[in-house]
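Novice: Here you go, one structure.
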Protein chains: 2
Amino acid sequence: MNPSEWFTEQAAGAGSAFSLKIKRKLHEEQSDFQYLEIYETETFGNLMVIDGCTMVSTRDNFFYHEMMSHPALYTHPNPKNVWIIGGGDCGTLREVLKHPSVEHAVQIDIDERVTRLAEIYFPELCESNNDPRADLKFIDGIKWVKDAAPNSVDIIIVDSTDPIGPAEGLFGVDFYRDCFNCLTENGLLVQQSESALLHLNLIKEMRDAMSSAGLSHTQTLFFPQCIYPSGWWSATIASKNALSAFREHDAKNKPFNTVYYNADIHNASLAQPEFFKQAFNSAK
Amino acid sequence: MNPSEWFTEQAAGAGSAFSLKIKRKLHEEQSDFQYLEIYETETFGNLMVIDGCTMVSTRDNFFYHEMMSHPALYTHPNPKNVWIIGGGDCGTLREVLKHPSVEHAVQIDIDERVTRLAEIYFPELCESNNDPRADLKFIDGIKWVKDAAPNSVDIIIVDSTDPIGPAEGLFGVDFYRDCFNCLTENGLLVQQSESALLHLNLIKEMRDAMSSAGLSHTQTLFFPQCIYPSGWWSATIASKNALSAFREHDAKNKPFNTVYYNADIHNASLAQPEFFKQAFNSAK
């Protein structure tokens, strides 16, 4: 394996690494916030890397983007206003805008360069950026949530990098408290929550912090994500009140295409592995 | 990344690779059938590698072994006789023997050295090898099935390496026809079927070959498996007659411990991703 022909991410602290064979580096730059690289891979299409971590590939991003959006949107009874904190590649925004109920979707990514590069190298993810309901802001998501009016949003999707660097503040109780304040009564927060195999403690800390902030009902969903550490990823949904069953009938009759998500997959993603159940029961 | 500190498997033809950081190589040998290596890794315990492919790690083998056994055993109404073709690390055998209904479990691996190394480096997987119901044979599984009496087995588990080298014949219609003949009327065949993201064609060919052999009812299950290509693996169950619902009540009250499997996970593993559904509907 010639290192010059591969992009490799070592999973921090996990003693494992994932590599994709590359044809060439298409772009690299230091933005105001992070180091951005774009590669053309041999079999995964284009690949965006931020601060050395794989973020998005053409081939497998559908798992992540669909599972960060549709389960939450089909759990909320009638989502009209959605914010995406992070998500600069615009793939989550595209999925959110597939829901006819959505009237306004705001994507708040601190780093405009991520979106500008996505427009060039992942144009399919950006195909809804000109939807009249879409609103792209390039400002600090933590401040956006802090300054927002109470009861102003139905769903907040935290589609961020790992909890180091610019995204660290998105995993803390202060941020969750601000989310609590601007969510409507039925509002939901959904956040990527890493790998249950590698980062179980992170999921525990996240759920504890969410609870401390008043988002006391949490639910973790599991799904494959080949290019992320362990290949098995999760998202955690949090709400003020008990989470009701998702709108399964609507999900079964979804008026849009997906690659991974459907109503059966939604149900499946909620199943808790035995070790996960035990970890969370014993923690209570 | 210093190559001498890592074991790396390049997924054949997939343009991706997975690596584990190693402390040291514990053993290597050329057996009569394949090249065997054992490593001590930094974070995944011990690792067995066969012909350059990761087979088993201490840390994450539970996904695979549990999902290769419990779904099939809880789908069959009353499994008494079980054969494991391959499975020389004995992890599947251990799971099978957790089921009180099982009276006789035969593990048929062509390569005795795999089992002898598992006894040393994965003793926990071998803890049921001395169960009076266990029967370890080191002969050719293809011949075993060919020579077997009709109606002699309830479940055949094909726990093999990839369909190249010694295992190739385990993925063909002749083998499936022999399985058909020795399975009882309610009998089930279950076989590891690679990654739905990377090897969709293999799953199609396998299901077609199973059907041609009279095992016309097939069902593919999905589960995480970190150390295998894409981190997302599958098993396919095949039967002569329509597969009935699994014994969910029994699975909910299973009289043994698992790490991943439970009744909810069983249901979840049956959910078909949208692209998979479409691939198989359009193929029919």
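Novice: For residues that are crowded, with 17+ Cβ neighbours inside 10 Å, part of a loop (DSSP other than H, G, I, E, B) and out of contact with any strand residue (DSSP E or B) (no Cβ under 7 Å at 6 or more places or on another chain), tally how many sit in the range A:93-139.
Specialist: 4
Novice: Out of all the residues in the range A:1-40, which are more than 17 Å from residue B:19 (Cβ to Cβ) and of a type in the set (Val, Ile, Thr)? Steps first, please.
Specialist: Narrowing the range A:1-40 to residues more than 17 Å from residue B:19 (Cβ to Cβ): A:23-40.
The answer is A:38, and nothing else.
Novice: Here is a list of conditions, (1) under 30 Å from residue A:44 (Cα atoms); (2) crowded, with 18+ Cβ neighbours inside 10 Å, and residue B:165 meets all of them except one; can you say which number that is?
Specialist: It is condition (2) that residue B:165 fails.
Novice: Hey, another quick one. If the Cβ limit is 6 Å and pairs must be 6+ apart or interchain, which residue in the range A:13-34 that is within 7 Å of chain B (Cβ to nearest Cβ) and assigned to a strand (DSSP E or B) pairs with which residue that is buried (at least 19 other Cβ atoms within 10 Å of the Cβ) and polar (S, T, N, Q)?
Specialist: Once the first residue is within 7 Å of chain B (Cβ to nearest Cβ) and assigned to a strand (DSSP E or B) and sits in the range A:13-34, its partners that are buried (at least 19 other Cβ atoms within 10 Å of the Cβ) and polar (S, T, N, Q) give A:17/B:19; A:20/A:41; A:20/B:16.
Novice: Only one of (1) within 14 Å of another protein chain (Cβ to nearest Cβ); (2) within 16 Å of the chain's Cα centre (by Cα) is not met by residue A:202, so which one is it?
Specialist: (1)
Novice: To continue, here is another question. Could you tell me how many of the residues in the range B:156-176 are touching a Lys or Arg at 6+ places or on another chain (Cβ under 9 Å) and either in the same structural domain as residue B:38 (by TED's automatic domain parsing) or under 22 Å from residue B:73 (Cβ atoms) (or both)?
Specialist: Going residue by residue through the range B:156-176, those that are touching a Lys or Arg at 6+ places or on another chain (Cβ under 9 Å) are B:174-175.
Within this subset, residues satisfying the condition of being either in the same structural domain as residue B:38 (by TED's automatic domain parsing) or under 22 Å from residue B:73 (Cβ atoms) (or both) are B:175.
So the answer is 1.
Novice: Right, here's the next one. Restricting attention to helices (runs of 4 or more DSSP H) lying wholly within the range B:224-284, give those where 3 or more residues are more than 9 Å from chain A (Cβ to nearest Cβ) and within 27 Å of residue A:63 (Cβ to Cβ).
Specialist: Hits in the range B:224-284: B:274-283.
Novice: Can you go through B:129, B:61 and tell me which one is polar (S, T, N, Q) and within 14 Å of chain A (Cβ to nearest Cβ)?
Specialist: Numbers: B:129 fails: within 14 Å of chain A (Cβ to nearest Cβ).
The conditions single out B:61.
Novice: Just to be sure I understand, how many residues within the range A:137-185 are within 23 Å of residue A:216 (Cβ to Cβ), of a type in the set (Ser, Thr, Tyr) and either more than 16 Å from the chain's Cα centre (by Cα) or at pLDDT below 95 (or both)?
Specialist: Final tally of qualifying residues: 3.
Novice: For residues that are over 20 Å from residue A:210 (Cα atoms), under 20 Å from the mean Cα position of the chain (by Cα) and not aliphatic (A, V, I, L, M), tally how many sit in the range A:227-255.
Specialist: Residues flagged as over 20 Å from residue A:210 (Cα atoms), under 20 Å from the mean Cα position of the chain (by Cα) and not aliphatic (A, V, I, L, M) within the range A:227-255 amount to 6.
Novice: Just the residues that are more than 30 Å from residue B:49 (Cβ to Cβ) and not β-branched (Val, Ile, Thr), please, taken from the range B:134-177.
Specialist: Matches in the range B:134-177: B:147, B:148, B:149, B:150, B:151, B:152, B:154, B:177.
Novice: Would you please name the residue that is surrounded by the most Cβ atoms within 10 Å (Cβ to Cβ), looking only at residues in the range A:9-44 that are within 14 Å of residue A:227 (Cα to Cα) and polar (S, T, N, Q)?
Specialist: A:16
Novice: While we're on this one: Looking at the structure I just gave you, is residue B:160 of a type in the set (Gly, Ala, Ser), surrounded by fewer than 17 Cβ atoms within 10 Å (Cβ to Cβ) and within 30 Å of residue A:269 (Cα to Cα)? Give the steps one after another, and end with the answer.
Specialist: Working: of a type in the set (Gly, Ala, Ser): yes; surrounded by fewer than 17 Cβ atoms within 10 Å (Cβ to Cβ): no; within 30 Å of residue A:269 (Cα to Cα): yes.
No; evaluated as a whole, the condition is false for this residue.
Novice: Pick from B:187, B:214: which is surrounded by 21 or more Cβ atoms within 10 Å (Cβ to Cβ) and either away from every other protein chain (no Cβ under 14 Å) or touching a His at 6+ places or on another chain (Cβ under 9 Å) (or both)? So that I can check it myself, show each step before the final result.
Specialist: Details: B:214 fails: surrounded by 21 or more Cβ atoms within 10 Å (Cβ to Cβ).
Result: B:187 is the single residue among B:187, B:214 that is surrounded by 21 or more Cβ atoms within 10 Å (Cβ to Cβ) and either away from every other protein chain (no Cβ under 14 Å) or touching a His at 6+ places or on another chain (Cβ under 9 Å) (or both).
Novice: Which residue is surrounded by the most Cβ atoms within 10 Å (Cβ to Cβ), if the candidates are limited to the range B:256-284 and must be over 21 Å from the mean Cα position of the chain (by Cα) and of a type in the set (Gly, Ala, Ser)?
Specialist: B:279
The values are calculated or read from the model by the stated rules, or taken from the named source; none is laboratory data. On a predicted model such as this, the values are computed, not experimentally measured, just so you know. When we count neighbours, we look across all protein chains shown, and the Cβ atoms used for this are built from the backbone with ideal geometry, even at glycine.
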